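Peer 1: This is the structure I have questions about; it appears just below.
Bear in mind that the values in this text are calculations on the coordinates, not laboratory data. None of these values were measured; they are calculated from a predicted model. In this analysis, Cβ positions are derived from the backbone assuming ideal geometry, glycine residues included, and neighbour counts consider all displayed protein chains.
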Amino acid sequence: LLATSAALARIRPSRTNAITDRAIELREGGADIISLSVGEPDFPTPPHVVEACKAALDAGDTRYTAVPGTAALRQAAALHFQRDLGIDVPPSQIIVSAGGKQAIFLAMMATLNPGDEVVIPAPWWVSYPEIVHFAGAQVTKIETDAASGFRISPDQLEAAITPATRWLLLNSPGNPTGATYPAEELRALGEVLRRHPRVLVMSDDIYAPLRYGEGAHATLSVECPDLADRILTVSGVSKSHAMTGFRIGVSAGPQWLIAAMGRLQSHASGNACSISQAGAVAAFTGPQEFLTDWRERFRVRRDMCVAAINAIPGLHTPVPDGAFYCMIDAAPHMARFGDDEGLVMHLLEHGVAVVPASAFGGRDGFRISFAADDARLAEALRRIAGALA
Ligand code: PLP
């Protein structure tokens with residue numbers, strides 16, 4: 001009688017529940033567990049952002065705003081898209097939502113029908129397939145591995161697309177792999193997409209400011225401007241500006257899609273938090289120099305992790321080009337632990353919480369986040385080495 005929906009039944013509860021439960025149990029029992037499982041910077045939110053929020057509160061900015069966001073934030077987001085991603089877009093083609101996550105949810109719910117297919121390269125961000133399933137569509141998985149830099153090839157994309165394909169979800173730099181598509185590879189994918197005019201592309205560039213390579217960040221709508229009218233570029237402040245709790249995401253795309261997302265948002269949540277929007281204006285228009293320092297600190301941690309992990313027998317990780325994760329292959333250890341969840345449980349008993357590759361549509365490995373305090377990170381790496389010795 002009191003049943004939940006068929007749509008809800010299509011999404012899986014978090015695969016990592018058992019691991020999280022065990023971590024809580026161990027902590028409650030007094031164990032010291034170092035968490036390398038969360039995807040958020042450990043740096044404090046910049047003070048000028050915090051001040052802007054206080055000022056907004058004092059000024060009484062506590063009411064509903066326009067559904068797609070305040071004029072000030074859409075303007076600031078246009079600046080961000082131009083300055084940081086090279087995308088020229090008017091504020092009218094930008095929508096502000098409660099995190100990048102909500103933007104992706106809105107875009108899928110507003111466009112997918114049962115029977116549609118969505119192409120997602122794996123390992124993928126955990127929410128992509130669940131959102132697609134909730135919308136009633138099917139996932140077409142493209143497998144990638146460390147040997148291919150966790151990036152898809154044009155041939156793989158061509159083979160994955162069918163007449164039912166509606167979206168390609170592209171994430172660069174990627175979570176969980178850190179894989180980052182260079183401009184020429186995006187242009188090659190664009191060639192394939194030109195042959196399939198019905199396919200939309202969601203370019204999730206939320207980690208763009210956290211790139212360790214040389215040169216500018218490459219993004220599909222800049223590399224293939226003729227495709228821009230079917231590309232939704234998702235960005236935000238959560239990862240770049242240590243503002244995960246603010247829940248602000250910004251997306252740029254064709255007018256019809258931005259309008260469709262706004263129509264849905266108007267009934268789902270309305271505007272994103274007014275105070276957070278004021279904070280995001282400060283994040284986009286205020287000083288950006290500190291990001292260079294943060295990126296440098298992440299780079300040092302990345303190098304420390306890659307060196308430590310690759311020194312442990314049976315573990316291997318490529319060097320991630322962006323974001324703050326290492327995707328670690330642990331295939332030689334699978335015989336001992338059964339599968340990657342068994343391995344992750346074992347690491348937990350040794351005081352480190354990580355996420356199994358299977359949670360991301362991968363296998364035989366795990367992901368660590370290096371957005372953690374340097375000393376704790378070093379200790380966690382020692383514990384992983386000890387646990388697998
Ligand atoms: N896209 C990717 C690839 C992510 O890793 C995340 C957060 O983990 C998001 C989008 C969503 O970020 P937000 O916190 O802005 O909703």
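Peer 1: Charges at C-beta only: +1 for Lys and Arg, -1 for Asp and Glu. How large is the resulting dipole of the chain about its Cα centre, in Debye rounded to 20?
Peer 2: Roughly 680 debye, rounded to the nearest 20.
Peer 1: A further question follows. Give the relative contact order (percent, whole number) for the chain; include only Cα pairs under 8 Å separated by 6+ residues.
Peer 2: About 23 percent, as a whole number.
Peer 1: What is the set of long-range amide H partners of Ala122 at a cut-off below 5 Å, with H atoms built 1.01 Å from backbone N?
Peer 2: Answer set, sorted by chain and number: Ile142, Glu143, Thr144.
Peer 1: Only loop residues by DSSP count here, and only those with at most 12 other Cβ atoms within 10 Å; note down the GluC sites (Glu not before Pro) in the range 189-238 that meet that.
Peer 2: Filter output for the range 189-238: Glu214.
Peer 1: Given the range 62-285, what percent of its DSSP beta bridges are antiparallel, to the nearest 5?
Peer 2: 30 percent
Peer 1: Now, a different point. Report the Rg/Rh value for the range 254-301, based on alpha-carbon coordinates and the Kirkwood definition of Rh.
Peer 2: Rg/Rh for the range 254-301 comes to 1.21.
Peer 1: Another question, then. Tell me the net charge near Glu191. Cut-off is 14 Å between Cβ atoms, Glu191 excluded, with +1 for each Lys or Arg and -1 for each Asp or Glu.
Peer 2: -3
Peer 1: A further question follows. Given the DSSP H assignment, sum -39500 (n - 2.57) over each helix run of at least 4 residues in the chain and divide by its residue total; what's the result at 222 nm in deg cm²/dmol, nearest 500?
Peer 2: Result for the chain, helices only: -12000 deg cm²/dmol.
Peer 1: What are the principal axis extents of the Cα atoms in the chain, in Å, biggest first?
Peer 2: Answer, in whole Å and largest first: 58, 57, 53 Å.
Peer 1: Antiparallel DSSP bridges in the chain: what percent, to the nearest 5?
Peer 2: Antiparallel bridges make up about 45 percent of those DSSP assigns within the chain.
Peer 1: Which one, Ala259, Ala216, Ser240, is farthest towards the positive end of the dipole of the range 62-285 when Lys and Arg carry +1 and Asp and Glu -1 on their Cβ?
Peer 2: Value: Ala259.
Peer 1: Please give me the summed charge of the neighbours of Leu232: other residues whose Cβ is under 11 Å from its Cβ, Lys and Arg +1, Asp and Glu -1.
Peer 2: My count for the surroundings of Leu232 gives -2.
Peer 1: Could I ask something else about it? Looking at the range 62-285, what % of the alpha carbon pairs are farther apart than 27 Å?
Peer 2: 27 percent
Peer 1: Over the range 247-365, what is the relative contact order in whole percent, taking alpha-carbon pairs under 8 Å and six or more residues apart?
Peer 2: The normalised contact order for the range 247-365 reaches 14 percent.
Peer 1: Write out the chymotrypsin sites (Phe, Trp or Tyr not before Pro) in the range 59-147 meeting two conditions: DSSP loop, and at most 12 other Cβ atoms within 10 Å of their Cβ.
Peer 2: For chymotrypsin sites (Phe, Trp or Tyr not before Pro) across the range 59-147 that sit outside H, G, I, E and B with at most 12 neighbouring Cβ atoms in 10 Å, the list reads Tyr64.
Peer 1: Excluding Gly314 itself, what net charge comes from residues whose Cβ is under 14 Å from its Cβ, given Lys and Arg +1 and Asp and Glu -1?
Peer 2: Spelling it out: positives minus negatives among the neighbours equals -2.
Peer 1: Over the range 202-280, what is the mean sequence separation of C-alpha contacts under 8 Å (at least six apart), divided by residue count, expressed as relative contact order in percent?
Peer 2: The normalised contact order for the range 202-280 reaches 26 percent.
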